[in-house]
Amino acid sequence: MRVIDFHVHPIPRIINEKELLREVEYAGIDIAILVALDVDPYYLEDRRILIKFLEECIEFNNLNCLGVLETVKNILQTCFTSNEYVAKLVKNHPKKFIGLGSINLSKNMSYVKEKLKEIKRLDMAGVKLIPTLQFFHPLKEKSKLEKIFEFCEEEEKIVVFHTGCDPSIWEEPAFSQNANPALLEYYVSRFKKVPIVLAHMGSYSWRYPGIWFDEAIELGKKYNNVWFDISAVPYLLTESKYVERICKDIGWDRVLFGSDYPVVGGSSITSVLNFILDRNLLSEKDLEKVLYLNALKLLG
Ligand SMILES: [Zn+2]
């Protein structure tokens, strides 16, 4: 059985190169896509931004706003994974890893341009964006996002977009609204040659599993350049209500296996893969597409 894991976080503060390689090999993964995370732990230190953040916190009935603030800073500090670091891992293991760069859209346009140059120089396969941890609204950052899509069109790279909730405060849907796939139609329809992967298929939420699954399906139904990864939501392959809907509206040619390792508490690549192998409701042929063939096609 051949497997490509489309969604792995080589976060240096959580896992080192050796441990990562060991897990990838133990799970029998042929190729892992390593994702950079360009997040800024100092983002909330800007007074205006901080006040807005605390107001939202109070509005959503969170009584421990200062505690939340500390947690968010810690998460951002922990998760930061530079493009350079990901590129270094790829350089050390070129047959095992492919790298995706990351650009923090809460920064200004000249920063975005610099990062695009860096991603080109490091020969990364595409750009990962995460509107939750990077605090941006896709439709309020049109010029920067258009720049990224134009770049990906020209350089034949892909865009991977986090969709759904995220841990900590982002479990509150009000804080994760920017990651609703419905907000991406403008870009998906304008840049039909750029493949855009909706990470987590709009579905990740601890409280409301499948939160924006319908929105992800609708986008995929309308546009062929929309792909999906099932990282953090492997139940999309094991629960009949999801499997039937994907079958009916999208098919299995644009769905990718991903583990989100090591950020989903208590699970490894091996355990996610075993969960899927034991319980999936797909035909053997479709499963092979999801685990391997689709990613191979997408990555050329
Ligand atoms: Zn992830």
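The values are calculated or read from the model by the stated rules, or taken from the named source; none is laboratory data. Just so you know, these numbers come straight off a predicted model, no measurement behind them. Cβ placement follows ideal geometry from the backbone for every residue including glycine, while neighbour counts extend to all protein chains displayed. Calculation scope for accessible area: heavy atoms of the full protein, side chains included, ligands and nucleic acids excluded. Shrake-Rupley method; radii C 1.70, N 1.55, O 1.52, S 1.80 Å.
Quick one: is VAL197 in contact (Cβ under 8 Å) with a residue 24 or more places away in the chain, buried (at least 22 other Cβ atoms within 10 Å of the Cβ) and within 16 Å of the ligand (Cβ to nearest atom)? Before you say what the answer is, go through the steps one by one.
Values: in contact (Cβ under 8 Å) with a residue 24 or more places away in the chain: yes; buried (at least 22 other Cβ atoms within 10 Å of the Cβ): yes; within 16 Å of the ligand (Cβ to nearest atom): yes.
Yes.
Taking into account only those residues within the range 96-131 that are more than 30 Å from ASP30 (Cβ to Cβ) and within 16 Å of the ligand (Cβ to nearest atom), which is surrounded by the most Cβ atoms within 10 Å (Cβ to Cβ)? Spell out how you get there, then give the answer.
Our first condition is that a residue be more than 30 Å from ASP30 (Cβ to Cβ); within the range 96-131, this holds for 104-114, 117, 131.
After this cut, where a residue has to be within 16 Å of the ligand (Cβ to nearest atom) as well, the list is 104, 131.
On the way: ASN104: 20, PRO131: 24.
Going through the qualifying residues, I end up with PRO131.
Residues are listed down the side, and each one gets a yes or a no for (1) of a type outside the set (Ser, Thr, Tyr); (2) out of contact with any strand residue (DSSP E or B) (no Cβ under 6 Å at 6 or more places or on another chain); (3) under 25 Å from PHE228 (Cβ atoms); (4) open to solvent by 40 Å² or more (accessible area, probe 1.4 Å):
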site	(1), (2), (3), (4)
ARG2	yes, yes, yes, yes
HIS7	yes, no, yes, no
LYS18	yes, yes, no, yes
ALA27	yes, yes, yes, no
VAL39	yes, yes, yes, no
LEU50	yes, yes, no, yes
CYS65	yes, yes, no, no
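Has the range 71-81 got any residue that is within 16 Å of the ligand (Cβ to nearest atom) and hydroxyl-bearing (Ser, Thr, Tyr)?
Residues of the range 71-81 within 16 Å of the ligand (Cβ to nearest atom): 75-76, 78-81.
This time we only want the ones that are hydroxyl-bearing (Ser, Thr, Tyr), so: 78, 81.
Looking for residues that are within 16 Å of the ligand (Cβ to nearest atom) and hydroxyl-bearing (Ser, Thr, Tyr), one finds at least one in the range 71-81, hence yes.
When the residues of the range 1-20 are narrowed to those that are away from the ligand (no atom under 16 Å from the Cβ) and within 18 Å of PHE257 (Cα to Cα), which ends up modelled with the lowest pLDDT?
Restricting attention to the range 1-20, the residues satisfying the condition of being away from the ligand (no atom under 16 Å from the Cβ) are 1-3, 16-19.
Going one step further and asking which of them are within 18 Å of PHE257 (Cα to Cα), we end up with 1-3.
Working: MET1: 91, ARG2: 97, VAL3: 98.
Per the criteria, the residue is MET1.
Please find, within the range 132-169, the residue that is nearest to LYS88 (Cα to Cα) out of those that are more than 16 Å from the ligand (Cβ to nearest atom) and assigned to a loop (DSSP other than H, G, I, E, B).
Initial filter on the range 132-169 (more than 16 Å from the ligand (Cβ to nearest atom)): 135-157, 169.
In the following step, the residues that additionally are assigned to a loop (DSSP other than H, G, I, E, B) were identified as 135-137, 141, 156-157.
Working: PHE135: 27, PHE136: 28, HIS137: 31, GLU141: 30, GLU156: 22, LYS157: 19 Å.
So the residue we want is LYS157.
Could you go through the range 210-228 and let me know if any residue there is modelled with pLDDT of 95 or more, in a helix (DSSP H, G or I) and either within 16 Å of the ligand (Cβ to nearest atom) or among the polar types (S, T, N, Q) (or both).
Start the filter on the range 210-228 by keeping residues that are modelled with pLDDT of 95 or more, which leaves 210-228.
Okay, now just the ones that are also in a helix (DSSP H, G or I), so 213-222.
Add one more test, that the residue is either within 16 Å of the ligand (Cβ to nearest atom) or among the polar types (S, T, N, Q) (or both), and what stays is 216.
Yes - at least one qualifying residue is present in the range 210-228.
(1) at pLDDT below 95; (2) under 29 Å from GLU118 (Cβ atoms); (3) open to solvent by less than 80 Å² (accessible area, probe 1.4 Å): which one isn't true of GLU45, the others all being true?
For GLU45, the failing item is (3).
Checking the structure you have, find out if any residue of the range 217-236 is polar (S, T, N, Q), surrounded by 24 or more Cβ atoms within 10 Å (Cβ to Cβ) and touching a residue at least 40 places away in the same chain (Cβ under 8 Å). Before you say what the answer is, go through the steps one by one.
Within the range 217-236, the first condition is being polar (S, T, N, Q), and the residues that meet it are 224-225, 231.
From the residues that got through so far, the ones that are surrounded by 24 or more Cβ atoms within 10 Å (Cβ to Cβ) too are 231.
Checking which are touching a residue at least 40 places away in the same chain (Cβ under 8 Å) leaves us with 231.
For the range 217-236, residues polar (S, T, N, Q), surrounded by 24 or more Cβ atoms within 10 Å (Cβ to Cβ) and touching a residue at least 40 places away in the same chain (Cβ under 8 Å): present.
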